[in-house]
Amino acid sequence: MADAEPPADMNPEPKNYLGLDFSTQQVKGIVINDRLEVTHEAAVQFDNDLPEYRTHGGVQVRDDGGIVTSPTIMWVKALDMLMDKLRVAGADFSTIAAVSGSAQQHGSVYWRGGANKTLGELQGDRFLHDQLALVFSLTDSPVWMDSSTTHQCRHLEEALGGPQKLAELTGSRAYERFTGSQIAKVYQNRKEAYNNTERISLVSSFACSLFLGKYAPIDLSDGSGMNLLDITTKTWSQQCLDACGGSLGEKLGDPVVSWKVVGSVSSYMVDRYTFSPDTAIVAFTGDNPASLAGLCVESGDLAVSLGTSDTLFLWLDTPRPRIEGHIFVSPIQEGAYMGLLCYKNGSLTRERIRDSCCEGSWDIFSQLLDMTPRGNFGNIGMYYHLPEITPGVEGLYRFNKTDEAVGRFASNEVEVRALIEGQFLAKRVHAERLGFATGIGGKVLATGGASNNKAILQVLADVFNATVYTLDVANSACLGSAYRAKHGLAGGRYQDIIKNQLLKLACKPNSDANEIYTPMVMRFQAFESSIVEQQKKK
Ligand code: 5FX
């Protein structure tokens, strides 16, 4: 019998998804198919591919006052270059069902009156940067590396009743890089530019606007990195807005959930890159929220990126905002939150101890770690070679089993274990303070350079009493953006749409882990508090 023709809906058009990431140094694009496999990727490096903007690491450091910016138009030009590179790599944009993206958090873009109209009238036969050259009221965007707004931060905290109160409302105490204080500085020092500004975007919603052909809304997750959003009601806090700028609510527009389809692709993208006019644009978000989506963090999970600096992403159902760390609205689930903790003393500190105790060899480092018992004979170490972010302290501290401060430990193996146990005990202490529940069966996902080291991961499994999985994802934010494009279009629960196939089981906790590390967590907490107090007095 001859095969019957399949009904039309059994032979659908291939569905692909495009994810973008506008990071500090580059813009990257990844195309995935419906099975979440990466089919095409490309990147444009700002320093090398766009030398005319004279950036170093994608930014321009203005002076000693901590001003760090990037030329907004450079990001615009980079997008056309990226799209061309993706096309040359074989991407067929007519098969893209949805686009989403991410960007460095906190940076801000200032659109001049009339820019929305210009965005809607872009012509497909001309470059974006030619057509958008005059639409920004500030030509240089302040980025997350800027630290010039201490004065505005103190003012914002005072206006809201102190750092803890501001943290409870917005998820974080005032930080120089957060957008609220950055906008306040523009409002105070660049009055004319501020008054000429019709819309203020985050880098993420700015990038989304380029695809949408009109101002894109700020999503709630990236919006949580501004010190302006009430993370409970999920609306702008009028008190915060008033403390940072005039008519600010109007300039920001209403925020939306991160998975919202905010419209379809612009006619510019249709004409120039052959997108189908019904390609959905899903709200863009921050790179850290997008990484949480890319790593497929689920309820009860924790993701640890072990790189130059260490970063922790936490899934939180009941967050407890504090003056350390950040709480963002979840980019993938209604009602949930994500916690973010950053540590400056990551791989560089591990490398220092490797060099001083292990002849510079990771093999020896791992052997020494394996050789010492869990709990390290009661010794605890804290190594802040660089001034730490969480908590804000500096120096090296060692305590023996009777809680006495000691100058050094008896052997290299004790030193190595003290470093790794200390780094993970700190992460558990801070994660729990933000509302993370250890030991309820969630998993730990490890990425970054040090996640190749089995001995280090075993300590991670034991300290958190959880199974550790590794993920070999080079750009979790970009991949997460492609996943989010699919999720936004499909709707429903993220985990039902995005099934993580990239996890590799690395280590299980030993049966005595809880018994050993729970008391050490308490001791660590007490030592850390005394160091913080000690340094405050200095
Ligand atoms: C997070 O708060 C940060 O400032 C950075 O991780 C930026 O998002 C880097 F792009």
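Listed values, structure above:
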quantity: Area projected by the alpha carbon convex hull of the range 12-289, averaged over all directions, nm²; calculated: 14.0
quantity: Calculated [θ] (222 nm, deg cm²/dmol) that DSSP helices of n ≥ 4 give over the chain, each run adding -39,500 (n - 2.57); calculated: -11000 deg cm²/dmol
quantity: Gain in span if fully extended, SER347 to ASP278, counting 0.36 nm per residue against the direct Cα distance; calculated: 20.3 nm
quantity: Spin-label proximity, SER94 to the range 14-35 - amide N less than 20 Å from point 7 Å beyond Cα toward beta carbon; calculated: 14-18, 31-34
quantity: The range 1-131: Cα Rg divided by the 2.2 N^0.38 Å rule of thumb; calculated: 1.37
quantity: Cα-derived Rg over Rh, computed across the chain with Rh taken as Kirkwood radius; calculated: 0.99
quantity: Efficiency of FRET from Cβ geometry, ARG320 and LEU386, R₀ 22 Å, rounded to 0.05; calculated: 0.25
quantity: Inter-label distance, nm, simple model (7 Å from Cα along the C-beta direction), GLU359/ASN510; calculated: 2.6
quantity: Antiparallel bridges, percent of DSSP beta bridges restricted to the chain (to nearest 5); calculated: 75
quantity: Sparse-neighbourhood loop sites, GluC sites (Glu not before Pro) in the range 399-464 - DSSP loop, at most 11 other Cβ within 10 angstrom; calculated: GLU404
quantity: FRET efficiency estimate (nearest 0.05) - Cβ-Cβ, GLU432 to ASP254, R0 51 angstrom; calculated: 0.90
quantity: Spin-label pair ALA405/LYS454, simplified geometry with 7 Å Cα→Cβ offset, distance in nm; calculated: 4.0
quantity: The range 485-538, accessible area per residue, ligands and nucleic acids excluded (1.4 Å, Å²); calculated: 59
quantity: Share of carbon and sulfur in the accessible heavy-atom surface of the range 12-289 [1.4 Å probe, %]; calculated: 48
quantity: Projected-area mean, the range 293-439, by convex hull of Cα positions, square nanometres; calculated: 9.4
quantity: Solvent-accessible surface ranking, highest first, for LYS443, LYS15, LYS508 at 1.4 angstrom; calculated: LYS508, LYS15, LYS443
quantity: Backbone N under 20 Å from the LEU134 label point (7 Å along Cα→Cβ), restricted to the range 174-218; calculated: 192-199, 214-215
quantity: Relative contact order for the chain, counting Cα pairs under 8 Å that sit 6 or more residues apart, in percent; calculated: 15
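The values are calculated or read from the model by the stated rules, or taken from the named source; none is laboratory data. Since the model is a prediction, treat every value here as computed from it, not as a measurement. Quick reminder, even Gly has a Cβ in these numbers, built from the backbone with ideal geometry, and neighbours come from all protein chains shown. Just the protein is used for accessible areas: all its heavy atoms, side chains included, with ligands, DNA and RNA removed. Shrake-Rupley method; radii C 1.70, N 1.55, O 1.52, S 1.80 Å.
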